[in-house]
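Step one of this worksheet: look at the structure below.
The values are calculated or read from the model by the stated rules, or taken from the named source; none is laboratory data. Since the structure is predicted, the reported quantities are computational estimates derived from the model, not experimental observations. Ideal geometry is used to build each Cβ from the backbone, glycine not excepted, and the neighbour counts take in all protein chains shown.
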Amino acid sequence: MNMKNFITLEGGECSGKTTIIESIIKKLEELNIDYITTREPGGIRIAEDIRNIILDVKNTEMTPECEALLYAASRMQHLSQKVIPAIEANKVVICDRFLDSSLVYQGYARGLGIDKVLTINSFALDYLPGLTLFIDVTPDVALKRMSGRNKADRLDLETMDFHQKVYEGYQLVYKKYPERIKRVDGNQELGKVINDCVKIVLDYLNK
């Protein structure tokens with residue numbers, strides 16, 4: 001299946017993905033491009049239920065293996081029920097996180113190994129996005145932004161060491177898939193980050 005219209009955004013906590021996606025879809029609407037937005041984990045009812053389990057602050061005893069498998073289960077349902085049908089309908093799919101997050105968070109930061117997480121998600125390898133925007137924000141900047149959040153989830157409560165590992169993991173995954181992943185400096189002023197991301201997407205879509 002041609003996944004050219006599948007576009008994902010990746011980055012650590014507080015990298016600004018939600019705001020960036022809003023600006024991207026505004027431009028798509030101006031150009032009358034048919035699209036949907038979604039997120040991982042989530043996007044559909046079953047996957048949102050799994051998301052609530054993963055991010056619940058009470059679930060501190062969750063093992064890395066359990067976490068990785070829950071993400072994979074959510075991903076399969078999300079692909080089958082939402083992403084693939086939209087691609088088949090020739091819509092552009094803008095997704096907040098996908099497989100790269102699992103490679104970084106569970107594969108590298110949790111120490112399971114990137115290759116092991118790839119194996120767990122082997123079904124998803126046939127449906128990789130055509131373009132991934134990696135919003136590169138250093139952990140110190142991200143944590144300053146995080147302090148302004150009203151409500152923290154289980155990942156927000158992780159240590160600085162964990163967030164540093166997430167940052168290192170993204171650098172590895174970025175180098176692993178350079179033909180697909182485009183890096184954007186997320187430490188810049190937000191307007192500049194947004195402009196950079198919108199330009200990359202429009203150039204990719206030849207608009």
If I filter segment 28-40 down to residues being more than 20 Å from the chain's Cα centre (by Cα) and in a helix (DSSP H, G or I), which single residue comes out as surrounded by the fewest Cβ atoms within 10 Å (Cβ to Cβ)? GLU30
Is there any pair linking a residue in segment 115-134 that is farther than 30 Å from LYS199 by Cα to one that is among the polar types (S, T, N, Q), with Cβ under 7 Å and at least six apart or on different chains, and which? VAL117/SER102; VAL117/GLN106; ASN121/SER102
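Of all residues in segment 23-51, how many are within 25 Å of LEU103 (Cβ to Cβ) and among the acidic types (Asp, Glu)?
Going through segment 23-51 one residue at a time, the tally reaches 3.
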Residue, surrounded by the most Cβ atoms within 10 Å (Cβ to Cβ), within segment 91-102, restricted to residues that are within 24 Å of LEU172 (Cβ to Cβ) and of a type in the set (A, V, I, L, M, F, W, C): PHE98
For PRO139: the one exception among (1) modelled with pLDDT of 95 or more; (2) more than 14 Å from the chain's Cα centre (by Cα); (3) buried (at least 19 other Cβ atoms within 10 Å of the Cβ): (1)
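Yes/no per residue for (1) surrounded by fewer than 22 Cβ atoms within 10 Å (Cβ to Cβ); (2) touching a strand residue (DSSP E or B) at 6+ places or on another chain (Cβ under 6 Å):
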residue	(1), (2)
SER80	yes, no
ALA86	yes, yes
ALA89	yes, no
VAL104	no, no
VAL117	no, no
SER122	yes, no
TYR127	yes, no
LEU133	no, yes
LEU143	yes, no
Quick one: count up the residues across segment 174-191 that are free of Cβ contacts under 8 Å to residues at least 40 places away in the same chain, exposed (fewer than 13 other Cβ atoms within 10 Å of the Cβ) and over 18 Å from the mean Cα position of the chain (by Cα). 2
Checked segment 104-125 for anything assigned to a helix (DSSP H, G or I) and more than 13 Å from ARG75 (Cα to Cα); matches are VAL104, TYR105, GLN106, GLY107, TYR108, ALA109, ILE114, ASP115, LYS116, THR119
Name the pairs whose Cβ atoms lie under 6 Å apart, with the first residue in segment 27-38 and closer than 19 Å to PRO85 by Cα, the second assigned to a loop (DSSP other than H, G, I, E, B) and of a type outside the set (Asp, Glu), and 6 or more positions between them or separate chains? ASP34/LYS91; TYR35/LYS91; ILE36/LYS91
State whether the residues of segment 145-165 include one that is at pLDDT 95 or above, in contact with a Phe, Trp or Tyr (Cβ under 8 Å, 6 or more places away or on another chain) and closer than 20 Å to LEU99 by Cα. yes
Considering only residues that are of a type in the set (Val, Ile, Thr) and part of a helix (DSSP H, G or I), look in segment 41-71 and name the one that is surrounded by the most Cβ atoms within 10 Å (Cβ to Cβ). ILE50
